[in-house]
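The values are calculated or read from the model by the stated rules, or taken from the named source; none is laboratory data. The model shown is predicted, which means the values in this text are computed figures rather than measured ones. Virtual Cβ from ideal backbone geometry, glycine too; neighbours counted across all protein chains shown. These area figures cover heavy atoms from the full protein model, side chains too; ligands, DNA and RNA do not enter into them. Shrake-Rupley method; radii C 1.70, N 1.55, O 1.52, S 1.80 Å.
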Amino acid sequence: MDFKLLKQELQNGLKTLENLENIITIFGGARVGKENPAYQSVAKLTYKLAKHNYSIMTGGGPGIMEAANYGIMHYKKTHPKADSIFSIGLNIQLPNEQNFNPFVEIPLQFENFFSRKFVFNSNTTAFIIAMGGYGTLDELSEILVQIATKKQQEIPIILYGKHYWKGLLKWLKHTMLAENAITKEELKLIKTANNPKEVLKILKNFYTKKSDFQLHTS
């Protein structure tokens with residue numbers, strides 16, 4: 001591992017994001033085509049999130065990532081005064097080269113998964129996980145481990161597309177939880193949503209409760 005490059009990637013990524021607020025990170029598969037309903041659903045979701053002043057951060061590639069970046073940029077194109085929100089992409093160099101999709105406004109290039117994941121986690125308001133494969137599962141499990149072990153502050157983790165994720169949720173509940181491999185509290189870290197309205201409700205409920213807690217403990 002090139003530690004000098006690793007350090008540069010971390011410094012550049014953290015410096016770029018440090019002054020940005022209300023970033024929602026969306027993970028999802030690169031193989032999801034534009035004809036897939038999941039692509040259109042995510043694009044509509046990020047358009048709606050942009051309307052509520054959320055920036056969007058993705059892996060910067062094709063598929064679900066492109067859909068997410070497209071949604072916010074479509075909103076910005078039709079609302080020129082929306083200059084406080086941004087479309088961010090954290091691309092990773094792979095053997096089969098993955099290029100930035102054309103809707104990334106702030107591109108950050110990485111060679112190391114470690115530095116990329118660290119930057120993803122550094123300034124994110126919520127994680128939304130849409131249709132994807134092994135890479136998406138890796139990103140989901142990484143977040144769950146970090147939050148469950150208290151290495152990272154709890155923020156919303158939302159599985160988007162209930163039908164796609166119902167098999168995993170059933171296994172988590174009826175196998176992992178039943179065998180005491182996870183706790184009820186750890187299972188509750190995961191929320192599900194099918195549309196922007198449900199996502200916004202989850203975000204509102206979480207941050208309202210957090211504000212109330214901080215108010216009563218200060």
- Query: Given the residues ILE64, ILE143, ILE88, which is the only one that is free of Cβ contacts under 8 Å to residues at least 24 places away in the same chain, crowded, with 22+ Cβ neighbours inside 10 Å and in contact with a strand residue (DSSP E or B) (Cβ under 9 Å, 6 or more places away or on another chain)?
  - Reply: ILE143
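Looking at GLN11, GLN40, which is the one that is at pLDDT 95 or above, polar (S, T, N, Q) and open to solvent by 30 Å² or more (accessible area, probe 1.4 Å)?
Values: GLN11 fails: at pLDDT 95 or above.
Checking each option against the conditions leaves just GLN40.
Starting from residues that are of a type in the set (Ser, Thr, Tyr) and over 23 Å from TYR39 (Cα atoms), keep the ones in segment 80-124 and report whichever is modelled with the lowest pLDDT.
First, the residues of segment 80-124 that are of a type in the set (Ser, Thr, Tyr): 84, 87, 115, 122, 124.
Add one more test, that the residue is over 23 Å from TYR39 (Cα atoms), and what stays is 84, 115, 122.
Details: SER84: 94, SER115: 92, SER122: 87.
Step by step, filter segment 80-124, then rank; the result is SER122.
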- Item | Meets criteria (free of Cβ contacts under 8 Å to residues at least 40 places away in the same chain, under 16 Å from PHE27 (Cβ atoms), of a type in the set (Phe, Trp, Tyr) and surrounded by fewer than 19 Cβ atoms within 10 Å (Cβ to Cβ)) for TYR134 | yes
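Every residue, every condition in (1) surrounded by fewer than 16 Cβ atoms within 10 Å (Cβ to Cβ); (2) more than 13 Å from THR25 (Cβ to Cβ), yes or no:
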{"position": "GLN93", "(1), (2)": "yes, yes"}
{"position": "GLN98", "(1), (2)": "no, yes"}
{"position": "PRO156", "(1), (2)": "no, no"}
{"position": "GLY161", "(1), (2)": "no, yes"}
- With respect to the numbered conditions (1) closer than 24 Å to LYS191 by Cα; (2) touching a residue at least 60 places away in the same chain (Cβ under 8 Å); (3) of a type outside the set (Phe, Trp, Tyr); (4) open to solvent by 40 Å² or more (accessible area, probe 1.4 Å), which one is the sole condition not fulfilled by GLU111? (1)
- Message: I need a count of the residues in segment 43-61 that are touching a Pro at 6+ places or on another chain (Cβ under 6 Å) and open to solvent by 10 Å² or more (accessible area, probe 1.4 Å).
- Response: 1
- Query: Just a yes or no: is a residue in segment 207-218 out of contact with any strand residue (DSSP E or B) (no Cβ under 9 Å at 6 or more places or on another chain) and modelled with pLDDT of 95 or more?
  - Reply: no
- Query: In the list LYS117, LYS81, LYS76, LYS34, which residue meets the criterion of being open to solvent by 10 Å² or more (accessible area, probe 1.4 Å), outside any loop (DSSP other than H, G, I, E, B), out of contact with any Asp or Glu (no Cβ under 7 Å at 6 or more places or on another chain) and not aliphatic (A, V, I, L, M)?
  - Reply: LYS76
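May I ask you to verify whether ASN180 is outside any helix (DSSP H, G or I) and either within 23 Å of ASN91 (Cα to Cα) or open to solvent by 50 Å² or more (accessible area, probe 1.4 Å) (or both)?
Values: outside any helix (DSSP H, G or I): yes; either within 23 Å of ASN91 (Cα to Cα) or open to solvent by 50 Å² or more (accessible area, probe 1.4 Å) (or both): yes.
Criteria met by ASN180.
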- Task: Return yes when THR192 is of a type outside the set (A, V, I, L, M, F, W, C) and part of a strand (DSSP E or B) and no when it is not.
- Result: yes
- Note on the structure: Of those in segment 14-29 that are assigned to a loop (DSSP other than H, G, I, E, B) and loosely packed, with under 15 Cβ neighbours inside 10 Å, the residue nearest to the chain's Cα centre (by Cα) is GLU21
- Query: Does any residue of segment 93-112 turn out to be among the acidic types (Asp, Glu), closer than 21 Å to LYS7 by Cβ and over 14 Å from the mean Cα position of the chain (by Cα)?
  - Reply: yes
- Message: Any residue that is more than 27 Å from ILE56 (Cβ to Cβ) and open to solvent by less than 40 Å² (accessible area, probe 1.4 Å) - is there at least one of those in segment 189-196?
- Response: no
- Message: Where the second residue is among the aromatic types (Phe, Trp, Tyr) and surrounded by 15 or more Cβ atoms within 10 Å (Cβ to Cβ) and the first is on the phi > 0 side of the Ramachandran plot and lies in segment 7-25, which pairs have Cβ atoms under 8 Å and are six or more apart or on separate chains?
- Response: ASN22/TYR54
